[in-house]
Each structure stands twice: as C-alpha cells, then as structure tokens.
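Working notes for the structure below.
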Amino acid sequence: MSMLTPPGMGGKYRITGNAYPRMRRPRRRRRIVVAALAAVVALGLAGWGTLQLIDVFGGGSADSRARTAAGPGCKPRKVPVTPVHVPLKPAQITVNVYNATPRAGLAKTTADELKKRGFAIGKVGNAPAAYDKKVPGTGMLLGAPGARENAFPVLGTQLKGATVKMDARATADVDLIIGTAFKALTPPKDATAALTALAKPAPAPSGKC
C-alpha cells in the first residue's frame, strides 16, 4: 500500500500519478428543500390550532352558534316577528241592529241576544232604504275602515256568513244588518269558542327544522 493511499480505503483506491479518487459531496440541496417544506407544514398546523383555540374559548362564531342552536343538520332560519294584536272585548263594541227582512221583530230579538252576550247595543230598527230587503245573505257588518281590524272579527263570531262593508262614518259603532237568509245568531257555545280562538292566535313558526 502506498503512503499516499487515504486511510480506510485499503487497496481499493490508489493514487497513481495525477489521478485521485472522486469523492461525492453530501446532497445538501435536497435536505434544504425537505426542511423548508416541513417548516411550512408546521407553521400551517400551528396557525390552524390557534384559530381552533380562539373559536373554542371565544364561544364559536355567530354561524356556528346559529347552527348549534338550530340543531344538527338544520339551517338556521329567521323567525318573523309579528305584533301581538289583542282583540276588543264585546263590551267595547257598540252594535246598531237593523232588520232588512220582511219579518218583523228580528232586530229587537237579535239585539237582546247580543246584549246577553256582552255587546253594547246602540240603535235598533228597520234597515235604511239603501239596504232594506237588499241583503241576500245572513247579514252584513257595516262600519268605518278601522272596524275591519278590531270590531268586525269579534262581532263576526256571532253571525256566521255575514259579509263586511266599509262606509265613511267617523264613529266607532258598527251596524249589524240582518239579511234575508238569517235564521239565528251563532249558537252561544260555538260563538264563545270562536272568541277564545280569536284571543289566542296560532304562534308564529319557530326557527326549528
């Protein structure tokens, strides 16, 4: 073995003349690329973990809270807010009872029955010429435009099938004009049930699925 042979190479590599064994350099470039990718992945995981912690300790986002409240697999919906309308009581409604039929005495007997049911009674008599014998149904409710939302729904529970008409009066009283098809007011039991249902309208749909 020559004195110029590098230690540990035995006799495999000999230096002869100007020839030297070729030594491979370590693949540093590949290691740098791998290390850079690992660093990027680590930073991404760290950022995602931080966001999760913020979401947990902060109570979650508004969307996540809405989804949780609505239930699994349920899309949150906005619940319409409707104003609560309290109907008038019968005693708050003054009713004028007019008879538009050929049968005598209907206005008084009808007014007496409405009074028993709690309504305030105004005028009682025959219908004006514009309506006398010209109301073909069970009856007509006549009043100012505002009566459509307050007095008519309550008075309408007492006479099924009555039509509704508005006039230009400035007072709060309403007319019940008895029509030719009238037989009797709604039975007290049914009228009371209708008034109860009117006072307790169906609730608005909730945001549940």
- Note on the structure: Pseudo-spin-label distance Thr94 to Thr180, built 7 Å along Cα→Cβ, given in nm, is 3.2 nm
- Message: Taking amide H atoms as placed 1.01 Å from N in the peptide plane, list the residues 5 or more away in sequence, or in a different chain, whose amide H sits under 5 Å from that of Gly122.
- Response: Val95, Asn96, Val97
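Can you check what the net charge comes to around Ala184, using other residues whose Cβ is under 11 Å from the Cβ of Ala184 (Lys, Arg +1; Asp, Glu -1)? Walk me through the intermediate numbers first.
Working: positive: Lys160, Lys183; negative: Glu113.
Taking every other residue near Ala184 into account, the sum is +1.
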- Residues listed by number, segment 88-106, amide nitrogen under 19 Å from Lys200 label point at 7 Å toward C-beta: 88-90
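Going down the table (Lys116/Lys189; Lys134/Lys189; Lys89/Lys116; Lys160/Lys183; Lys134/Lys165; Lys89/Lys189), which pairs top 19 Å between alpha carbons?
Lys134/Lys189
Read the figures in this text as sums done on the coordinates, not as results from a lab. Because the structure is predicted, anything quoted here is derived from the model rather than measured. Note that each Cβ is placed from the backbone with ideal geometry, even for glycine, and that neighbours are counted across all protein chains shown.
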